[in-house]
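Enquirer: Take a look at this one; I'll ask things after.
Rule-based calculations on the coordinates, nothing more; no lab input. None of these values were measured; they are calculated from a predicted model. Glycine gets a Cβ as well: all are built from the backbone with ideal geometry, and neighbour counts include every protein chain shown.
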Amino acid sequence: MRSRTMRRRAALLLCLGLAACGATQVNLAYAPPSPLTAQPDARPVVAITQVTDRREDGHTDPRWIGAVRDGSGTSVKDLMTPVPVTEEVLQAFASALRARGLLAPDAAAARYGLEVDILALETRQTTRRAATAEFRVTLRPVNGGAPVLVDQEEAAYIGGDLIMPRTGVFSSSRALREITQTAMSAAIDRLLDKPGFTALLQ
């Protein structure tokens, strides 16, 4: 009887382990820490002209943003965006510019083009949840010429709750998505809210 019970438990654990493995899709969206309002002197003259994924994490899938790992560091659940990360980041920067009244309504109204390089965008979970985002932006006139601004910012967050690796693989991906959105949004805010950036657009 004991051996039969042990076999049932082993089979159940195996099924749960297999269910935990694989990939989970998560959407990323710009989420500022507080509601933003456009400044009275804001000019909607910026268009996003290019977003390039320059991450050096060894992953070839352009949708990969991180993984849940067990106690030995082995990936047991990958987190993926439903579309390439470049598209998620483009929409996030567009939302951030629009919230500040800086996004051009169309290409004809744009005076500046914003190029974004994704240097880092990754989430991870072992004993704690963590996320890092780093972007480099280049602002240049749409009619050509040298860049008027090149800047780079990073944001990193670590969750305070301790997670047991054996049970953490079964946890919801919602918390990982939220901490990744927080890091991404913070890095974007740090770039767009610098006085040097806004001064060029007035």
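Enquirer: Amide H neighbours of VAL51 under 5 Å, counting only residues 5+ apart in sequence or on other chains, H built in-plane at 1.01 Å?
Expert: Here the answer is VAL116, since their amide H atoms fall under 5 Å of that of VAL51.
Enquirer: Could you list which residues have their amide H under 5 Å from that of ALA104, counting only those 5 or more apart in sequence or on another chain, with H placed in the peptide plane?
Expert: HN-HN under 5 Å from ALA104: VAL45, VAL46, ALA47.
Enquirer: Under the rule of at least 5 residues apart or a separate chain, name every residue whose amide H is placed under 5 Å from the amide H of ARG63.
Expert: Under 5 Å from the amide H of ARG63 lie the amide H atoms of VAL85, each far enough along the sequence or on another chain.
Enquirer: Continuing with this model, one more query. Just the C-alpha atoms of the stretch 105-145: what Rg/Rh do they give, with Rh taken as the Kirkwood radius?
Expert: 1.28
Enquirer: For a label point 7 angstrom out from the Cα of THR24 toward its Cβ, which stretches of the stretch 95-128 have the backbone nitrogen within less than 12 Å?
Expert: 124-126
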